[in-house]
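Structure record follows, encoded as structure tokens.
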Amino acid sequence: QVQLVESGGGLVQPGGSLRLSCAASGTIDHTDVMGWYRQAPGKQRELVAQIFYRADTVYADTVKGRFTLSRGPAKNTVYLQMNNLKPEDTAVYYCYASLMPDGVFRYLDYWGQGTQVTVSS
């Protein structure tokens, strides 16, 4: 059973920093992409950043230059370093992965439970 385990998040003042972590547990044959989406109240879920198998990374225009997505030393782990946070970054952040569990032979989409990030003075 594959699960995405998130950590990080919380309350921070504008201009502050936070780091989110996401680790995929379970037996996994291959991971195609991992990343983060976010959903603010009354808005649709939107892509924040994602990293592909060959390390290509995509960022939303609203976070470019402020957020950095990287892989951890542990397999199937990613970190989202968020700097210079703004009130408009306030949202629930969801980890996402497209991966192939052991014995399944096709890619499946997985989501974490979400972690709240609040940027406020």
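The values are calculated or read from the model by the stated rules, or taken from the named source; none is laboratory data. Source: prediction; values computed, not measured. Here Cβ is always computed from backbone atoms with ideal geometry, including for glycine, and neighbour counts include all displayed protein chains. In case anyone asks, the SASA skips ligands and DNA or RNA and just uses the protein heavy atoms, side chains included. Shrake-Rupley method; radii C 1.70, N 1.55, O 1.52, S 1.80 Å.
Computed with a 1.4 Å probe on the full set of protein chains, the accessible area for residue 28 sits at about 20 Å². Taking Cα centre as origin and charging only the Cβ of basic (Lys, Arg, +1) and acidic (Asp, Glu, -1) residues, the dipole magnitude of the chain rounds to 240 debye.
Contact order, relative form, for the chain: 36 percent (alpha carbon pairs under 8 Å, 6 or more residues apart, mean separation divided by residue count).
The lysines within cross-link reach of residue 64, meaning a Cα-to-Cα straight distance under 16 Å and a gap of 8 or more places when in the same chain, are 86. Spatially, the range 29-43 and the range 61-77 are offset by 12 Å when compared through their Cα centroids.
Could you identify which residue out of 106, 66, 54 has the top mean-square fluctuation in a GNM of the chain using Cα springs shorter than 10 Å? Top of the fluctuation ranking is 54.
Under a Gaussian network description of the chain, with springs only between Cα atoms under 10 Å, the residue in 50, 13, 39 that fluctuates furthest is 13.
The modelled label-to-label distance between residue 81 and residue 46, using points 7 Å beyond Cα along the C-beta direction, is 2.4 nm. Of the chymotrypsin sites (Phe, Trp or Tyr not before Pro) in the range 1-56, the ones in a loop by DSSP (not H, G, I, E or B) with at most 14 other beta carbons within 10 Å are 53.
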